[in-house]
Amino acid sequence: MKAMTLAAPGQPLEQAELPDPQPGPGQLQVRVSACGVCRTDLHVVDGDLTEAKLPIVPGHEIVGRVSALGDGVDGFELGQRVGIPWLGHTCGTCPYCKQGAENLCDAPGFTGYQIDGGYAELTVADADYCFALGEDGDDAALAPLLCAGLIGYRSLVMAGEDARRLGIYGFGAAAHIVTQVAAWQGREIYAFTSPGDRAAQDFARSMGAAWAGGSDESSPAELDAAIIFAPVGALVPAALRALRKGGVLVCGGIHMSDIPAFPYRDLWGERVIRSVANLTRQDAIDFLALAPRVPVRTEVVAYPLARANEALADLRSGRLTGAAVLIP
Ligand SMILES: [Zn+2]
Ligand SMILES: [Zn+2]
């Protein structure tokens with residue numbers, strides 16, 4: 001099969017011809033039809049995340065069809081359309097797994113990080129961590145739901161049900177999905193983009209944001225909660241200052257530049273800062289059921305698999321509107 005592989009951090013992905021991966025017991029072999037490009041892939045490629053299996057096939061927003069079944073797989077059939085997310089494996093025995101917090105598992109395996117992912121024609125995944133996607137919707141349009149959507153949704157849940165005025169910092173793939181869900185829930189969205197990025201601000205308004213402006217502007221309203229998707233630590237004190245007393249600030253990214261020091265009075269008043277790590281399978285079940293009800297419509301830019309490096313570069317530079325998706 002054709003795949004794009006990362007040999008070492010800091011290097012471009014290389015086109016490779018690899019043996020077709022074979023499903024072990026409990027696994028599915030999936031013929032990939034679309035794989036989203038997530039900011040986490042950039043952090044893997046750039047070496048910000050240091051626990052990658054190398055070489056690795058990146059990609060954890062996978063949509064494809066079951067092409068072979070390993071022994072003992074139940075509940076999936078050949079040809080069925082499935083999604084494969086970031087959470088690829090958990091131990092099932094650590095205290096976090098036992099408490100329903102498998103996203104914090106002590107011995108996890110993540111797709112496209114420790115487990116070869118979807119920048120390929122074929123991939124293999126534990127069936128227990130795959131999700132049936134049904135037949136509604138286009139493969140490429142569904143791909144960003146598998147991480148941008150899931151992590152965005154988990155971040156939105158962490159922001160709290162009663163957070164009516166919600167700030168979103170960084171308007172990429174996750175934000176454009178979360179904004180649609182949050183607006184549908186009746187919340188008011190305040191979207192903060194890179195200063196002067198008019199295209200992103202127009203995009204945010206078109207997705208349902210009540211207000212969009214630069215992260216250098218002060219919020220026109222006091223926020224009940226805010227989510228930061230941009231990997232920029234300096235946004236943490238900025239967003240805190242926009243929060244009301246008791247407000248929650250959720251950091252939705254897996255990696256962020258250092259957070260600058262800020263005065264304690266900005267945190268005072270029982271404001272909360274928290275991160276969101278990974279996802280649970282229940283998040284996926286909940287969000288994949290919710291998305292068609294909104295309905296969430298993703299904005300995707302498709303690239304052939306062989307141009308994965310270009311897609312990553314466009315994501316890095318902020319040239320993208322919406323989500324990049326690779327098509328093998
Ligand atoms: Zn565990
Ligand atoms: Zn991701």
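Derivation of every value follows stated rules applied to the coordinates shown; laboratory data play no part. Predicted, not measured: the structure shown is a model, and the values here were computed from it. For neighbour counting, all protein chains shown are included, and Cβ atoms are generated from backbone atoms with ideal geometry for every residue, glycine included.
The Leu290 and Ile327 beta-carbon pair, evaluated with R₀ = 25 Å, returns a calculated FRET efficiency of approximately 0.45.
Neighbour counting of Cβ atoms within 10 Å sorts the residues Phe131, Phe171, Phe287, fewest neighbours leading, into Phe131, Phe287, Phe171. Helix content alone sets the calculated 222 nm mean residue ellipticity of the chain: runs of n ≥ 4 DSSP H residues at -39500 (n - 2.57) each, divided across all residues, give -6500 deg cm²/dmol.
Going by the alpha-carbon gyration tensor, a ≥ b ≥ c the square roots of its eigenvalues, is the range 149-275 rounded (a/c under 1.5) or, if a/c is not under 1.5, prolate (a/b greater than b/c) versus oblate? Rounded, because the longest to shortest axis ratio a/c is under 1.5. Entry note, the chain: relative contact order of 19 percent, from Cα contacts under 8 Å with a spacing of 6+ residues. Which chymotrypsin sites (Phe, Trp or Tyr not before Pro) in the range 182-286 sit in a loop by DSSP (not H, G, I, E or B) and have at most 12 other Cβ atoms within 10 Å of their own Cβ? Hits after loop and neighbour filter: Trp268. This ranking places Ile273, Ile189, Ile62, Ile228 by how few other beta-carbon atoms lie within 10 Å of each, fewest first, which gives Ile273, Ile189, Ile228, Ile62. For Leu133, Leu235, the sequence from fewest to most other C-beta atoms within 10 Å is Leu133, Leu235. Between the amide H of Gly64 and those of Ser33, Val82, distances stay under 5 Å, these residues lying 5 or more places away or on another chain, with hydrogens modeled in the peptide plane. Across the options Ala68, Met1, Leu240, the greatest Cα extent toward the positive end of the charge dipole of the chain (unit charges at beta carbon of Lys, Arg, Asp, Glu) belongs to Leu240. Highest GNM mean-square fluctuation, the chain, Cα pairs closer than 10 Å: which of Leu87, Leu54, Leu150? Checking each option, the largest mean-square fluctuation is seen for Leu54. Hydrodynamic radius of the chain by the Kirkwood approach over all distinct alpha-carbon pairs: 19.9 Å. Taking Thr50, Thr90, Thr298 as the candidate residues, the one with maximal mean-square fluctuation in a Gaussian network model of the chain, Cα springs under 10 Å, is Thr50.
Just check the range 1-160 against the gyration tensor rule for me: Cα atoms, a ≥ b ≥ c as the square roots of the eigenvalues, rounded for a/c under 1.5, and otherwise prolate or oblate depending on whether a/b exceeds b/c. It is rounded, given that a/c, with a ≥ b ≥ c, falls under 1.5. Shown here: the range 214-300, whose C-alpha atoms stretch 42, 27, 27 Å along the first, second and third principal axes, sorted largest to smallest.
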